[in-house]
Amino acid sequence: MRTDLPAAAAPVIADDPYSDANLADPYPLFDRMREAGPGVWLEKYGVPAFARFDACKDILDDHATFISGAGAGPKNLHHEPSWRPQGIMESDPPVHTAMRHAIGGVISPKGTRALRGQFQEFADELVERMLQLGGFDAATDFAQEFPLRVFGDAVGIPREGRAENLLALGAMNFSTFGPDDERSKEFFRRGAGTNDWAMANTARERLAPGSMGAQIWDYADRGEITAQQAALLVRAMLSAGLDSTILAIGNTMLCLARHPGQWAKVHANPRLARFAIDESFRFESPFQSFFRTTGRPVSFHGLDLAADTKVAVFVGAANRDPRRWGPDADEYKVERQAGGHLGFGMGIHQCVGQPISRLEMEVLFTTLAQRVKAIELTAEPVPFLHNTLRGWDSIPVRIVPA
Ligand code: HEM
């Protein structure tokens, strides 16, 4: 209803971005949202939403006006309880600053480089296994296998129970960044007990010596963070670092299978693998949308927003905005300068784990580029429908050895 409008000028969008059809193919609606105006009003949810690149980036860059402490979903955690203790993503300075310093210290360029050898070893093994199979499901046999092994080992948690708990945990956790609907409730049903499993494995004695998880606890020993914050940071790695990378690997595989000419370029020059990956973060962003809350009244891209207003930020739409990426924004091009996309967010909450995901994927896709001449889809992929994340449940492919 227009009477609910926070700003008289906001164009109303009646479509539901979280319907099955729009989640399966979000881009036509994203286009309409961007074209309707700098900010729009999502009628079904009664919230302002932003889909253009500039507005989304401006929100993420201004953490004082657009705060995270009231939650990264539509629920306002200043007024309603969170389903679990709030972690780094749902905090503002100064709480955020101390936690970010600790996790940023552990996921340093030097620490990340040290992981390359073990990532390479498993990439060789996995690509060889896929070559032996010839045909496989790139979403499950390939994308899931890699981070479950190498990222789990890097954090230092036991191998047993990872697959059963961490996939469901990530999907449940990120469903709180979108509406509390039937879909989200189903992810909560499937994720029952997984948060307890993760918390049990954040304990210092469960973590391998020298692992990233163990290094977080060193910050607690030095008094730079509390013991509770250390546990929450290890939990953040486990709940934020796995599904995201798995979906990103699957999305990249699908982009490359659907664009054989682009794969031919990567195969001819495996150094392009890292650009192909960055372009897939832009083109099929694993995180499509999340929320901020205004910390003060603000006039923003044509909308007058009262303090304590939830705003939806559609980074998946911003990453397809022709105003930023040009008229070919809807094309997948490995040689594009995709740097600066919002797939990892922006500002003080920009993904702290991105060096690890990037390294995992660079090692995996470079290995694939060296050994595989062609990637072909053998059946239609099946989309993974989730209110925040974008990816695929199944990507049946065949690969041709070089
Ligand atoms: C391709 C994989 C990944 C994607 C697409 C991704 C995406 C994102 C995005 C969009 C944000 C910003 C959220 C916001 O602004 O509210 C974020 C934050 C974060 N990510 Fe990632 N992420 C990925 C991998 C990882 C990994 C591997 C880790 C674990 C080490 C991780 C840990 C975090 C944490 C702890 C934050 C919160 C940072 C803060 O609030 O300061 N992410 N991620």
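Read-outs throughout are calculated quantities, based only on the coordinates presented, and are distinct from any laboratory measurement. Quick caveat: nothing in here was measured; it's all calculated off a predicted structure. Using ideal geometry, Cβ is built from the backbone for each residue, glycine included, and neighbour counts are taken over all protein chains shown.
Computed from phi, the 3J(HN,Hα) profile of region 64-75 under the Karplus parametrisation 6.51, -1.76, 1.60 (θ = phi - 60°) reads 7, 7, 10, 8, 10, x, 8, x, 9, x, x, 7 Hz, with x in place of Gly and Pro.
Other residues whose C-beta falls under 14 angstrom from the C-beta of residue 393 contribute a net charge of -3, scoring Lys and Arg +1 and Asp and Glu -1. Give the residue from 347, 49, 195 lying farthest towards the positive end of the charge dipole for the chain; charges sit on Cβ (+1 for Lys and Arg, -1 for Asp and Glu) and the dipole is referred to the Cα centre. Of the options given, the answer is 347. Taking label positions 7 Å along the Cα-Cβ direction at both residue 83 and residue 118, the computed distance is 3.0 nm, reported to one decimal.
Eigen-decomposition of the gyration tensor built on the alpha-carbon atoms of region 260-402 gives equivalent ellipsoid semi-axes of 34, 16, 15 angstrom, largest listed first. Percent of Cα pairs in the chain per distance bin of 10 Å, from zero to the largest separation: 5, 23, 33, 26, 12, 2, 0. Averaging Cα coordinates gives a centre for region 229-276 and one for region 44-112; these two points are 23 Å apart. Amide H contacts of residue 308 (H built 1.01 Å from N, in plane; Pro and chain starts excluded): 294, 295, 296 sit under 5 Å, all sequence-distant by 5 or more or on other chains. Applied to region 244-255, the Karplus parametrisation 6.51 cos²θ - 1.76 cosθ + 1.60 on θ = phi - 60° returns per-residue 3J(HN,Hα) values of 4, 6, 4, 5, 5, 5, x, 4, 5, 4, 5, 4 Hz, with x for Gly and Pro. Ranked by the mean number of other Cβ atoms within 10 Å of their residues, highest first, the peptides 160-169, 210-219 fall in the order 210-219, 160-169. Spatially, region 283-354 and region 137-156 are offset by 27 Å when compared through their Cα centroids. Scanning residues 5 or more positions from residue 394 or on other chains, those with amide H under 5 Å from its amide H are 382, with H placed 1.01 Å from N in the peptide plane.
In percent, rounded to a whole number, the relative contact order of region 2-401 is 26, using alpha-carbon pairs under 8 Å and six or more apart. Under 5 Å between amide hydrogens, built in the peptide plane, is the criterion, and for residue 47 it picks out 42 among residues at least 5 positions away or on other chains. Counting only DSSP H runs of at least 4 residues, each contributing -39500 (n - 2.57), and dividing by the residue count of the chain, the helix-based mean residue ellipticity at 222 nm comes to -13500 deg cm²/dmol. The magnitude of the dipole of region 2-401, with charges of +1 and -1 set on the Cβ of Lys/Arg and Asp/Glu and taken from the Cα centre, is near 740 debye. The label point for residue 380 and the one for residue 19, both projected 7 Å from the Cα toward the Cβ, are 1.8 nm apart. Of all DSSP-defined beta bridges confined to the chain, some 85% are antiparallel rather than parallel. Of all the options 235, 371, 159, the one that moves most in a Gaussian network model of the chain with Cα springs shorter than 10 angstrom is 159.
Rounded to the nearest Hz, the phi-derived 3J(HN,Hα) couplings of region 130-145 under the Karplus curve 6.51 cos²θ - 1.76 cosθ + 1.60 (θ = phi - 60°) are 5, 5, 5, 5, x, x, 6, 9, 5, 6, 9, 5, 10, 5, 6, 4, where x marks glycine and proline. Take the chain, connect every pair of alpha-carbon atoms lying under 10 Å apart with a spring to form a Gaussian network, then pick out the residue of 282, 274, 129 with the largest mean-square fluctuation. With Cα springs under 10 Å in the chain, the top fluctuation among 282, 274, 129 is at 129.
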